[in-house]
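A short reminder: the numbers here are calculations on the coordinates, not readings from a lab. Values in this document were obtained by computation on a predicted structure and should not be read as measured data. Positions of Cβ are generated from backbone atoms using ideal geometry, with glycine treated the same way; all protein chains shown enter the neighbour counts.
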C-alpha cells in the first residue's frame, strides 16, 4: 500500500518499516527526554506527556518523528513533522515547540546532527547537481520539511540496528549517517541544505553569523560588525537575517540569551542572578521579567518544572 500527502506526492509505500523503527526507538529510550547513543551525531527522544509551547534551540540537524507529531514555530511560521515528513534544520535556530503525547501513545523521535564537512564532501562528489545557481536560490528559511520516503526510512532502520553495538555504530553507523545526508540533499529542498554547507553563499554567511551569536551570546551585539563579517551592508544583513530566522538580530540575540540561561538554571542549578550575568544581562530584575515573559514561568520555576534530559 502506498501513502500520499495532500499534494499527491508519494510519502512511503508501507507502514511496516516505520512501525519497526518506532518499536526500536521505544526499546532504546527508557524514559522521557533525550537518550544518547554510541554516536554523538545521533540522539533519540521519548515523550509520554504533552509539552506545549516549549522553547528549544535546534542545532543544525535532521529530525524525524516515527510516532506522534511535533509542531515547531518560528515567529508566525509553523512546521509540523510526523511519520510522513521529517524536519531539516540547516543552521542553529530557536523554535517554540509543541509535542503531543500520552503514556499509552508516546512520542518517538530521532535527531541526527549535520556535519557540514561530510555534507560538503558529498556535494563535491555529486558535482553538477548542486551548481552555484541552485545554491543561491532565495529565500531560504531556517528550517524546512521533506517527505519521509522509503529512501530515508531504510537507512534509518539500518542506523538504529548499528547503534546496538559500539563498534558497529562507529563503522557502519557513520556510513549510514552519510547516506542519510545524501538522501536529504537529493530531496526536493536539498539545495537549501547545500547552500548552508557552501562557505561562500549568502545563506552560509548568515549561518556563520548565527553560530557566532550562539557561541558569543554574552557579548554586546554589534550589527555593523556582523554585517561586515557576512560581507553585506547593514540593511541587506537585516533582510537576509530575518528571512532565515524571522527575527531581527536584536530579537534573536535576546532569545538565544534566555535559552542559554534556562540551560544554566536547569542543568547546573545556578541562581537566577548568576545565570543572568553569565548570558550578558546587567540587570537581574530585567532578566527575570523577560524570562517570565518569554517562557511563561519564572527562573525558579524552570528548575522545578524540567529535568536536565528534557532541555538541551
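What to note about this one:
- Cα gyration tensor shape of segment 45-189, rounded if a/c is under 1.5, else prolate or oblate by comparing a/b with b/c: oblate
- Per-residue ellipticity at 222 nm from helix content only, as computed over the chain with -39500 (n - 2.57) for each DSSP H run of at least four residues, stands at -13500 deg cm²/dmol.
- Residues 61, 97, arranged from fewest to most other Cβ atoms within 10 angstrom of their Cβ, appear as 97, 61.
- For segment 89-129: rounded, prolate or oblate by the Cα gyration tensor [a/c cutoff 1.5]: prolate
- Panel order for 25, 274, 117, 279, by other beta carbons found within 10 Å of each beta carbon, from fewest to most: 117, 274, 279, 25.
- Radius of gyration and maximum dimension Dmax of segment 251-310, Cα, Å: 10.2, 29
- Footprinting exposure proxy for 98, 170 (fewest neighbouring C-beta atoms within 10 Å first): 170, 98
- Relative contact order of the chain: 17 percent, from C-alpha pairs under 8 Å at least 6 residues apart in sequence.
- Sorted peptide list for 215-223, 81-89, 245-253, 119-127, criterion being average Cβ within 10 angstrom, highest first: 81-89, 245-253, 119-127, 215-223
- Overall form of the chain per C-alpha gyration tensor (a/c, 1.5; a/b vs b/c): oblate
- Centre separation in Å (Cα based) which lies between segment 145-173 and segment 37-110: 18
- Take every pair of alpha-carbon atoms less than 8 Å apart whose residues are at least six positions apart; their mean separation over the length of segment 154-312 yields a relative contact order of 14 percent.
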